[in-house]
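**Q** Okay, handing you the structure first.
The values are calculated or read from the model by the stated rules, or taken from the named source; none is laboratory data. Every value quoted in this text rests on a predicted model; they were computed, and no experiment measured them. Surface areas here come from the heavy atoms of the whole protein model, side chains and all, with no ligands, DNA or RNA. Shrake-Rupley method; radii C 1.70, N 1.55, O 1.52, S 1.80 Å.
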Amino acid sequence: MKLEALAIVTVSCVACGGNVVPSRDQASSTSLGNELRAAAHDQAVLLVHDEAGELVATTLDHSVQRKLVRGSTGMNQIYDPERELLWYLADETVWVLDLRGSQVPVPIVEHVKSNGFMLDGQSTLFPNAVVSLSWSDPPTLADSGIQGEAAAQSSESTDEVEQIAQARLVGSVWLQQNLRRSRRHIPVTAFDTAAELGSDVDVDVDSTGRGECELSCDFAAALGNTGLLLMVTQHYRDHDGSHHACSLYDPRSRRFVDERGQPHIKLRFDCAGQLDREAKLFMGYAWESDDNGGLESGAVVCTRAGCEMLNQRGESGLGFLDPGARIVDPLR
């Protein structure tokens, strides 16, 4: 069930082209990030893709709806919450949008003929994109090293790998100016035994309709002020190695949290995610299955009242503008 939308605040930003903007270490009151925070009135701002694939800043109740980038970027973006920078690939160019600065993006790498890009080892594609940018002193642009069989198995073709020579680093001045940009601290929340976190380790999982709890539901991460636990309920292996699967548990009601207003929908999560700055919302990645065996997956935002799959809002999640703690899978 979707939340009721309030009055929409829609402001498009200039997000294609523009001159290099000055280095900014601290956000001014008129910065893009601070404008979004003011419009949200203390709500958490979510960075998402809309149905058209455009990057949008919004709130859970949709009272804020602001396009950050014109045109679809697909999944080719990286948000750096520590430095408040949004990197994305569009029109064969890697751009960076400074949320402590203006609404004018800065071109960093041009003539990117292949799909995706890498930034300091983080890739927008699996296993790795071809064009790899290292934000060092001086900044460097290189082939990520995918070739041969690895290239054939990735979304990059051999022709695209060869086109790395066409990519040109054009944003060296901006990169040098911002190399020592200040970073916000993003804490990490660890998994612990559920007993130490105050939950009932003998919860009757079958009574909730969730089936067997393969790991006895005795390992969990506390999710800030939500009052919820991200509880490890399954262990499995696939071609990528060993993984945990989690469910969201409310120790007060001794029940697992379902999709909002949909008690027949069962959610199982990656054992990773993030909280917003106030630790009132949890954003993760979940699989949902209904009584008919239907299965979907995607980003989800949860409170004690329930969870909302962003794909049912026509969105997919990139993260919070101001994240709180990161929750890291204990196996990774």
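**Q** Rounded to the nearest whole Å², what accessible area per residue is found for segment 59-124 with the 1.4 Å probe?
**A** 30
**Q** List the residues whose amide H sits under 5 Å from the amide H of ILE327, counting only those 5 or more places along or on another chain, with H placed 1.01 Å from N in the peptide plane.
**A** Counting only residues 5 or more places away or on other chains, the set is THR189, GLY273, GLN274, LEU275.
**Q** In whole percent, and with a 1.4 Å probe on the protein chains, what portion of the accessible area of segment 31-70 is carbon and sulfur?
**A** On segment 31-70, the fraction of accessible area on carbon and sulfur atoms equals 46 percent.
**Q** Please list the non-local residues whose amide H lies under 5 Å from the amide H of MET118, H modeled 1.01 Å from N, same-chain partners needing a gap of 5 or more.
**A** It is VAL131, SER132, LEU133, by chain and number.
**Q** What are the residues whose amide H is under 5 Å from the amide H of GLY319, where those residues sit 5 or more places off or on another chain and H is modelled from the backbone?
**A** LEU47
**Q** Quick one: what are the phi-derived ³J(HN,Hα) couplings along segment 165-172, Karplus 6.51/-1.76/1.60 with θ = phi - 60°, whole Hz, x for glycine and proline?
**A** Per-residue couplings from phi come out as 5, 7, 5, 10, 7, 10, x, 4 Hz.
**Q** While we're on this one: Can you list the HN-Hα couplings for segment 118-125, worked out from phi with the Karplus curve (6.51, -1.76, 1.60; θ = phi - 60°), rounded to whole Hz and with x for Gly and Pro?
**A** 10, 9, 6, x, 8, 10, 8, 10
**Q** Go through segment 33-48 residue by residue and turn each phi into a ³J(HN,Hα) via Karplus (6.51, -1.76, 1.60, θ = phi - 60°); whole Hz please, and just put x for glycine and proline.
**A** My calculation for segment 33-48 gives x, 5, 5, 5, 5, 5, 5, 7, 6, 6, 7, 6, 8, 9, 9, 9 Hz in order.
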